[in-house]
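Below is one structure, written out as structure tokens; the observations come after it.
Just so you know, all these numbers are worked out from the coordinates, no wet-lab data involved. Note that the coordinates shown come from a computational prediction; the quantities given were computed from them, not determined experimentally. Every residue, glycine as well, gets a Cβ built from its backbone with ideal geometry; the counts of neighbours run over all protein chains shown.
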Amino acid sequence: MSTEPATATASDAPATGILLREVSDDGILRLTLNDVARRNALSEAMMTALGDAIAGAGCDPSVRVIVLAANGPAFCAGHDLKEMTAGRSAPDGGRACFARVMAQCSGVMQGIVTCPKPVIAEVTGVATAAGCQLVASCDLALAAESARFSTPGVHIGLFCSTPMVALSRSTGTKHAMEMLLTGDMTPAPRAAEIGLVNYAVPDAELREATMAMARKIASKSSMTLATGKRAFYAQREMPLAEAYDYASRVMVDNMLAHDAEEGIGAFIEKRAPRWQDR
């Protein structure tokens with residue numbers, strides 16, 4: 001496994017030290033938030049690095065699964081409020097700055113959802129505001145038992161409206177509203193109960209648990225995973241009958257793909273499949 005500064009694509013773009021990149025031999029890309037001094041805040045630089053890395057990995061056939069981790073005591077503290085506050089000095093009071101930052105953040109979160117590769121959050125420390133949104137936007141999430149989550153905007157007069165989008169799609173309505181209206185910290189075991197993360201595991205076991213899940217997923221056909229991820233998020237927004245019509249068409253096309261034919265044949269013949277990712 002190699003460790004290097006993250007690139008804007010999964011291959012050869014300019015590096016930045018605030019996002020680190022590790023690539024394993026089995027196609028698992030670890031992206032590690034590394035702006036520890038700013039508690040891995042989603043500054044404009046961090047969002048650019050993260051968004052470019054996710055987009056690049058989505059186009060890189062050598063990447064099969066993405067793990068999003070962090071260094072330091074905070075997984076991600078949300079937006080860089082000092083950076084945003086500086087925008088208030090503009091003649092418009094900061095409106096253009098705030099609109100730009102929110103659009104960039106929304107683009108990063110949607111980029112995770114639309115990335116054809118599964119994205120797993122590996123959460124240590126605290127994930128607050130847009131940091132909690134980042135976790136909720138990932139396809140899967142594992143958290144250290146000591147990790148905590150919150151959408152604390154109400155404490156400073158700023159409702160966590162954009163984190164609400166991802167949070168409300170990961171948890172039940174009342175669980176999401178409790179976090180949004182109180183701003184209280186949610187411990188990892190409770191986050192697992194309400195569906196914000198898949199599992200809360202002992203701190204010392206977190207990385208191995210995450211990588212074990214990543215390796216399991218990476219062993220599947222990447223074509224099949226991309227098909228399923230795209231269909232999952234698309235059908236979720238549809239009425240029931242429309243969702244079934246759409247999913248049926250997806251499944252017909254999937255059945256005609258090489259890897260489905262190979263996988264079904266391998267199952268019948270009781271042998272390991274040989275994926276070609278097509």
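Taking the criterion of being touching a residue at least 12 places away in the same chain (Cβ under 8 Å) and either of a type in the set (Val, Ile, Thr) or in a loop (DSSP other than H, G, I, E, B) (or both), the residues of region 237-268 that qualify are VAL250, ALA257. When residues in region 194-232 are screened for being in contact with a helix residue (DSSP H, G or I) (Cβ under 9 Å, 6 or more places away or on another chain), surrounded by fewer than 17 Cβ atoms within 10 Å (Cβ to Cβ) and either among the hydroxyl-bearing types (Ser, Thr, Tyr) or at positive phi (or both), 2 of them pass.
Of all residues in region 42-101, exactly one satisfies the criterion of being among the basic types (Lys, Arg) and either closer than 22 Å to GLY17 by Cα or in a strand (DSSP E or B) (or both), namely LYS82. Here is the figure for region 250-273: residues that are among the basic types (Lys, Arg) and surrounded by 11 or more Cβ atoms within 10 Å (Cβ to Cβ) total 0.
Let's see how each residue does on (1) part of a helix (DSSP H, G or I); (2) more than 15 Å from the chain's Cα centre (by Cα):
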{"residue": "ALA121", "(1), (2)": "no, no"}
{"residue": "GLY131", "(1), (2)": "yes, no"}
{"residue": "LEU134", "(1), (2)": "yes, no"}
{"residue": "ALA141", "(1), (2)": "no, no"}
{"residue": "HIS155", "(1), (2)": "yes, yes"}
{"residue": "PHE159", "(1), (2)": "no, yes"}
{"residue": "PRO163", "(1), (2)": "yes, no"}
{"residue": "LYS174", "(1), (2)": "yes, yes"}
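Would you confirm whether or not region 93-103 contains a residue that is touching a residue at least 24 places away in the same chain (Cβ under 8 Å), under 20 Å from VAL165 (Cβ atoms), in contact with a helix residue (DSSP H, G or I) (Cβ under 9 Å, 6 or more places away or on another chain) and surrounded by 16 or more Cβ atoms within 10 Å (Cβ to Cβ)? Yes, because at least one residue in region 93-103 is touching a residue at least 24 places away in the same chain (Cβ under 8 Å), under 20 Å from VAL165 (Cβ atoms), in contact with a helix residue (DSSP H, G or I) (Cβ under 9 Å, 6 or more places away or on another chain) and surrounded by 16 or more Cβ atoms within 10 Å (Cβ to Cβ). Taking residues in region 121-141 that are of a type in the set (Asp, Glu), and partners anywhere that are assigned to a strand (DSSP E or B), the pairs with Cβ atoms closer than 7 Å and at least 6 places apart or on different chains are GLU122/VAL67; GLU122/LEU68; GLU122/ALA69; GLU122/LEU142; ASP139/VAL119; ASP139/ILE120. For region 197-218, residues that are assigned to a loop (DSSP other than H, G, I, E, B), closer than 15 Å to LEU68 by Cα and not β-branched (Val, Ile, Thr) total 1.
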